[in-house]
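The values are calculated or read from the model by the stated rules, or taken from the named source; none is laboratory data. This one's a predicted model, so the numbers in the text were calculated from it and none came from an experiment. Here the Cβ positions follow ideal geometry from the backbone for every residue, glycine too, while neighbour counts run over all protein chains shown. Accessible surface is based on the protein model in full, side chains and every heavy atom, while ligands, DNA and RNA are left aside. Shrake-Rupley method; radii C 1.70, N 1.55, O 1.52, S 1.80 Å.
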Amino acid sequence: MTTSTSCVYVTHLVAPKHGSTEAECEDAVAVLPGRPHDYMVQEPLTAGVCDGATESALAKDWARLLSRAAAEHAMRLPDLLAGGTAFEEFAAAAVAQWDPWLVQYTQTRHAEGRPLKWYEHTKLAEGAYATLLTVRVDPDSDAHPDTSEPAWRWRAAALGDSCLFHLHDDRLVQAFPVAAIEEFGTTPDLFGSRNHDVALLARRTRFTEGWCQPGDRLLLMTDALAAWLLSVPDQDDAVSQLLEFAGPDDLGGFKNWLNGLRDRRQLRNDDVALVRIDFEGR
């Protein structure tokens, strides 16, 4: 098995837009297994990345719930990332979690002396919305299809414009589901907390897969950072800048770097989530 000759290092960083607090951040990440950031993983891992839609009520809470549900379901059901009925089952299960969560939230607000206002009830009836990127990485029992090197197989599903980038020799070789800056729009597809038409959600979701060798990397990120990466003239330099941030200890520097890009008007002032998966030889 390739698990004896290769392993994976995974970490993530989440930063609010300039002027907002951590509690207000509407981007969310869930990674399984939940290990210390410097732990090398040799078993399957999953990640869910969500960007809550500011226009909807409780978007940050839905993003957190949805990212966690995606990571958990992808860990239990690998076929989820092939589409079809498995993805529909996940979508139905995720939506089913919303109303019980909302009941608890409403009760907590009441107990704290902050009952919901009439206009909040109206907004909540419309549901919360978020983009979704889900990834599963598995050690492959066979070698990479194009080489004799150990391989890890990855599969991904995306609804909306949170993106995955595959790096080989620290150069971009694949972008999913958005491959060019011109493909970003103002109204990406969204996963609604009250959308019970799971067949429609599955049809709007895009699926892909690939293989990584030792030395490769996967970068998962929400739209603002992804748009920056696809828009800069020197993409190699942009990748090099991103790879300076390798773990939670770098969060302060990451925020300062983001604010520098914002000050130069190279990066839209939005929340940012980044998951970095490094494939290492042993």
Counting only residues in segment 182-207 that are of a type in the set (S, T, Y) and at pLDDT below 95, the one surrounded by the fewest Cβ atoms within 10 Å (Cβ to Cβ) is identified as T186
Among the candidates A175, A111, A74, A96, single out the residue that is in contact (Cβ under 8 Å) with a residue 12 or more places away in the chain and farther than 22 Å from Q42 by Cβ. A175
On the given criteria, is Q174 at pLDDT 95 or above, surrounded by fewer than 17 Cβ atoms within 10 Å (Cβ to Cβ) and closer than 26 Å to R217 by Cβ? yes
Name, by its number, the condition in (1) in contact (Cβ under 8 Å) with a residue 40 or more places away in the chain; (2) more than 16 Å from V198 (Cβ to Cβ); (3) open to solvent by less than 20 Å² (accessible area, probe 1.4 Å) that does not hold for M40. (3)
Can you confirm whether A94 is touching a Lys or Arg at 6+ places or on another chain (Cβ under 8 Å), at pLDDT 95 or above and either within 16 Å of A202 (Cα to Cα) or open to solvent by 10 Å² or more (accessible area, probe 1.4 Å) (or both)? no
Give the residues of segment 193-228 that are touching an Asp or Glu at 6+ places or on another chain (Cβ under 6 Å) and basic (K, R), sorted by residue number. R204, R217
For segment 238-269, which residues satisfy the criterion of being more than 24 Å from V8 (Cα to Cα) and either open to solvent by 60 Å² or more (accessible area, probe 1.4 Å) or charged (D, E, K, R) (or both)? K255, N256, R262, D263, R264, R265, Q266, R268, N269
